[in-house]
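Enquirer: Pasting a structure here, questions to come.
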Amino acid sequence: MKININKFQHFPYHLVDPSPWPILLSFSLLNMAIGGVLYMHGFYNGGALLTIGFVLTCLGMTLWFRDIIVEGTYLGHHTKEVKNGLMIGVILFIISEVFAFLSVFWAFFHSSLSPAIEIGGSWPPLGITPLDPFAIPLLNTFLLLSSGAFVTYGHHALIAGNRKAAIDGVFLTIILAIMFTALQYFEYSEASFTISDGVYGTTFYASTGLHGLHVIIGTIFILVGFIRIINYQLTKQHHQGFEASILYWHFVDVVWLFLFVAVYFWGGA
């Protein structure tokens with residue numbers, strides 16, 4: 001007879017069951033990395049291998065996160081101590097993201113504060129027409145800050161038990177995030193320079209592109225929370241994943257303010 005050991009445990013932590021997803025996901029990531037290298041070096045079928053690795057990685061993450069949702073929502077394994085541990089993990093993850101952006105900003109200021117003679121001794125370099133910061137970038141600033149306000153509104157509505165207001169606030173956040181991404185794509189398509197146009201193009205697209213990737217990831221993060229609210233999986237007492245997505249989204253907001261001031265406004269002057 002199989003005995004459920006967790007039934008008799010005398011500690012508040014969750015001992016996870018054996019899962020196939022970590023090892024399978026590691027092989028998927030390895031496949032994606034190898035495919036990316038082969039694709040960038042022009043090897044035959046490198047793009048196909050990269051695509052397969054990406055699809056397998058997304059599928060593995062989805063199945064792994066599904067199991068975590070089941071553990072926390074239906075099995076009740078996420079005690080107060082487990083929630084605190086999960087939140088500490090999210091905070092440490094965001095700190096690592098801070099340093100990722102710090103490296104990009106370091107490269108930008110290293111080149112812009114003391115422009116080399118090879119780029120004309122000026123910033124922006126000669127021949128580069130920077131984007132108008134008071135056009136799409138300013139509009140995107142308004143959209144992103146508004147989305148942060150709406151997701152906070154949805155969070156407080158969920159805590160207050162107002163489910164409809166929570167759904168409305170999160171839905172508006174997702175719409176504004178999609179508009180932000182669409183406008184940034186339009187901005188890229190209309191720009192007069194590319195990532196290969198010297199150090200200016202490299203630092204511009206590395207910084208804004210990295211942030212755009214985080215916006216897409218954050219949008220998916222919040223979309224999952226939105227679906228879970230609709231399905232009655234998140235309540236005013238139990239919404240740890242939603243809080244994590246809000247924390248991540250505010251990080252994206254703050255980084256954009258630095259990008260707007262440094263890269264668009266000061267860096268394009």
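Enquirer: Exactly one of these conditions fails for GLY268: (1) part of a helix (DSSP H, G or I); (2) surrounded by 15 or more Cβ atoms within 10 Å (Cβ to Cβ). Give me its number.
Expert: Only one criterion is unmet by GLY268, namely (1).
Enquirer: In this structure, does SER111 turn out to be without any contact (Cβ under 8 Å) to a residue 12 or more places away in the chain, in the same structural domain as GLY212 (by TED's automatic domain parsing) and either more than 30 Å from HIS14 (Cβ to Cβ) or of a type in the set (Phe, Trp, Tyr) (or both)?
Expert: When the stated conditions are applied, SER111 does not pass them.
Enquirer: Oh, and also: Being part of a helix (DSSP H, G or I) and either in contact with a strand residue (DSSP E or B) (Cβ under 8 Å, 6 or more places away or on another chain) or surrounded by 18 or more Cβ atoms within 10 Å (Cβ to Cβ) (or both) narrows it down to one of VAL98, VAL151, VAL82, so name that one.
Expert: VAL151
Here is a yes/no grid of residues against (1) of a type outside the set (Val, Ile, Thr); (2) surrounded by 12 or more Cβ atoms within 10 Å (Cβ to Cβ); (3) touching a helix residue (DSSP H, G or I) at 6+ places or on another chain (Cβ under 7 Å):
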| position | (1), (2), (3) |
| --- | --- |
| LEU50 | yes, yes, yes |
| TRP64 | yes, yes, yes |
| LEU102 | yes, no, no |
| PRO125 | yes, yes, yes |
| LEU138 | yes, yes, no |
| LEU144 | yes, yes, yes |
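Enquirer: If you take the residues in region 236-265 that are in a loop (DSSP other than H, G, I, E, B) and touching a residue at least 12 places away in the same chain (Cβ under 8 Å), which one is farthest from the chain's Cα centre (by Cα)?
Expert: LYS236
Enquirer: Residues in region 53-61: is at least one farther than 29 Å from ILE246 by Cβ and either of a type outside the set (Asp, Glu) or part of a loop (DSSP other than H, G, I, E, B) (or both)?
Expert: Yes; the residues of region 53-61 include at least one that is farther than 29 Å from ILE246 by Cβ and either of a type outside the set (Asp, Glu) or part of a loop (DSSP other than H, G, I, E, B) (or both).
Enquirer: What are the pairs with Cβ atoms under 6 angstrom where one residue, in region 83-108, is under 30 Å from ILE195 (Cα atoms) and the other, located anywhere, is aromatic (Phe, Trp, Tyr) and part of a helix (DSSP H, G or I)? Sequence gap at least six, or different chains.
Expert: Cβ pairs passing all conditions: ILE94/PHE251.
Enquirer: On to the next question. Six or more apart or on different chains, Cβ under 6 Å: which pairs go from a residue in region 154-165 that's touching a residue at least 12 places away in the same chain (Cβ under 8 Å) and assigned to a helix (DSSP H, G or I) to one that's of a type in the set (Val, Ile, Thr) and surrounded by 14 or more Cβ atoms within 10 Å (Cβ to Cβ)? Could you list them?
Expert: Listed pairs, sorted by first residue: GLY154/VAL170; HIS155/ILE246.
Enquirer: For region 139-149, indicate whether the set of residues that are of a type in the set (A, V, I, L, M), more than 19 Å from the chain's Cα centre (by Cα) and at pLDDT below 95 is non-empty.
Expert: no
Enquirer: In addition: State whether the residues of region 118-128 include one that is outside any loop (DSSP other than H, G, I, E, B), within 18 Å of TRP266 (Cα to Cα) and under 21 Å from the mean Cα position of the chain (by Cα).
Expert: no
Enquirer: Same structure, new question: If the requirement is being modelled with pLDDT of 90 or more and among the β-branched types (Val, Ile, Thr), which of these qualifies: THR73, THR51?
Expert: Working: THR73 fails: modelled with pLDDT of 90 or more.
None of the other options fit; the residue is THR51.
Enquirer: Ok, one more. How many residues does region 198-234 hold that are crowded, with 19+ Cβ neighbours inside 10 Å and among the hydroxyl-bearing types (Ser, Thr, Tyr)?
Expert: 5
The values are calculated or read from the model by the stated rules, or taken from the named source; none is laboratory data. Values in this document were obtained by computation on a predicted structure and should not be read as measured data. Backbone-built Cβ (ideal geometry, glycine too); neighbour counts: all protein chains shown.
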